[in-house]
Amino acid sequence: MEQIFTLFSLGKAARISLAASLFALGAMIHMLFPWGTAPGFILILAGYAPLLLKKITNKPSDKGLEEWRPVSMAEIDKIADSLAETKKKRTHTMGGTAGRILLSLLGLVVVSVSFAMASETSAYFSRPCSPKKCHASRLSSPPRLETGLSPHPT
């Protein structure tokens, strides 16, 4: 299916790069400047403009007045046989009922192992510290950055 765009006469690569640059510019303005929320949002929305497609309809181009020819019963049987064969092959490639059961069991094992690992990790990181360490860490000052600038304006 051919894509027909509403705005501009650019190629697909040029449209995508124009949209990406508008998105990036809008995000940059939004993040860098305190007043940049509204202009950044407008630029991000403007990034969608090059990507707008014309409406697509499935209306047929002909009027349906062409000549209809009857189909033989042999051709109908051939189509029905090929549909039955593809259904059989699809079931065979998925492993049938046994394959589905094994896949479900594998999924259950993966989910339960994931939950076990998550609870183990959270239990490891949520251990309380001793009162001396907790009290000492609360009293100590935060680490200083070696920038040469004073943290407090004078």
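Once you sort the root eigenvalues of the Cα gyration tensor of the range 1-56 as a ≥ b ≥ c, which label holds: rounded (a/c under 1.5), prolate (a/b larger than b/c) or oblate (the other case)? Don't skip to the end; give the middle numbers.
Numbers: a/c = 4.12, a/b = 2.48, b/c = 1.66.
Here the range 1-56 falls in the prolate category.
List the trypsin sites (Lys or Arg not before Pro) within the range 1-67 that DSSP assigns to loop and that have no more than 14 neighbouring Cβ atoms inside 10 Å. Provide the component values of the computation, followed by the final result.
Values: sites: LYS12, ARG15, LYS54, LYS55, LYS63; in loops: LYS54, LYS55, LYS63.
Sites meeting the loop and neighbour criteria: LYS54, LYS55, LYS63.
Each reported figure results from applying straightforward, stated rules to the coordinates on display, with no laboratory input. Just so we're clear, the structure is a prediction, and the values are computed from it rather than from any experiment. Virtual Cβ from ideal backbone geometry, glycine too; neighbours counted across all protein chains shown.
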